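The values are calculated or read from the model by the stated rules, or taken from the named source; none is laboratory data. None of the values given here were measured: they were computed from a predicted structure. We place every Cβ from the backbone using ideal geometry, glycine too, and count neighbours over all the protein chains shown. Each accessible area value is taken on the protein alone, full model and side chains, heavy atoms only, with ligands, DNA and RNA left out. Shrake-Rupley method; radii C 1.70, N 1.55, O 1.52, S 1.80 Å.
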Amino acid sequence: PVIAAKTVTVAGTFNGWNKTATPLQDKDGDGKFEVTLELPRGRHQYKFVLNGEVWQHDGDNPAKDTDGQSGFNSVLD
């Protein structure tokens, strides 16, 4: 289902899976939320959190691991 996102954050191994620590911004109002992060080398799992409630893997990133809850975490390596 399509979700109208008013807020988007990213949570992952790099921020303790904190769903409020890393907000994305849509500065030009085009519906594309962005953030730039500098991460240490290594494997990082993450998900996007839409509207503070809906956890969603990154559909544009084919790299993924199971999340232990019948879903997936996206992976950066």
* Structure fact -> Once all protein chains are kept in place, K32 shows an accessible area at probe 1.4 Å, nearest 10 Å², of 130 Å²
* Asked: What accessible area per residue comes out for the chain, rounded to a whole number of Å², with a 1.4 Å probe?
  -> 73 Å²
* **Nearest-20 debye value, the chain charge dipole, Cβ charges on Lys, Arg, Asp, Glu** => 180 debye
* Structure fact -> Candidates N61, N51, N18; GNM for the chain (alpha-carbon contacts under 10 Å) flags as most fluctuating N61
* Asked: Highest GNM mean-square fluctuation, the chain, Cα pairs closer than 10 Å: which of T22, T66, T13?
  -> T66
* Compactness of the chain, expressed as Rg and Dmax over alpha-carbon positions, Å -> 12.3, 36
